[in-house]
1. Specify which residue in the list 35, 25, 61 is farthest towards the positive end of the charge dipole of the chain, using unit charges on the beta carbon of Lys, Arg (+1) and Asp, Glu (-1), about the Cα centre.
2. State the number of lysine pairs found in the chain whose Cα atoms come within less than 17 Å, restricting to pairs 8 or more positions apart or on distinct chains.
3. For the pair residue 15/residue 27, report the inter-label distance in nm, with labels modelled 7 Å from Cα in the Cβ direction.
4. Against the longest alpha carbon principal axis of the chain, how many degrees, from 0 to 90 and to the nearest 10, is the axis of helix 3-27 turned?
5. Can you tell me the orientation of helix 31-61 relative to the chain, as the angle in degrees between its alpha-carbon axis and the longest Cα principal axis, to the nearest 10?
6. Can you give the charge dipole size of the chain about its Cα centre, rounded to the nearest 20 debye, using +1 on the beta carbon of Lys and Arg and -1 on the beta carbon of Asp and Glu?
7. Would you calculate the separation in nanometres between label points at residue 35 and residue 2, each defined as 7 Å from the Cα along the Cα-to-beta-carbon direction?
Amino acid sequence: MNLKEALELSVKEEASAVERYKKLASQVEDPETRLMLEQIAKEEAGHLKQLKERLKAIKLLG
């Protein structure tokens, strides 16, 4: 596996994580738990953005 493939896989995994936490947040009744899951989803979205930027950068270089 090369760097591009690793980043592509990571992008997919982070996107899945964002959706998973959003879904969990929508299913819980406890407001504190919902807030925590929503915050985690936002953190994962930040990771996703960073990975996409890195992937774009290596595509431009390659």
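Where a number appears in this text, it was derived from the coordinates with a stated rule and is not lab data. Worth saying up front: this structure is predicted, and the values here are computed from it rather than measured. Note: ideal-geometry Cβ built from the backbone for every residue, glycine included; neighbour counts use all protein chains shown.
1. 61
2. 17
3. In this crude label model, residue 15 to residue 27 measures out at 2.1 nm.
4. Once rounded, the angle reads 10 degrees.
5. Tilt relative to the chain: about 10 degrees.
6. 420 debye
7. My value for the distance between the label points is 4.7 nm.
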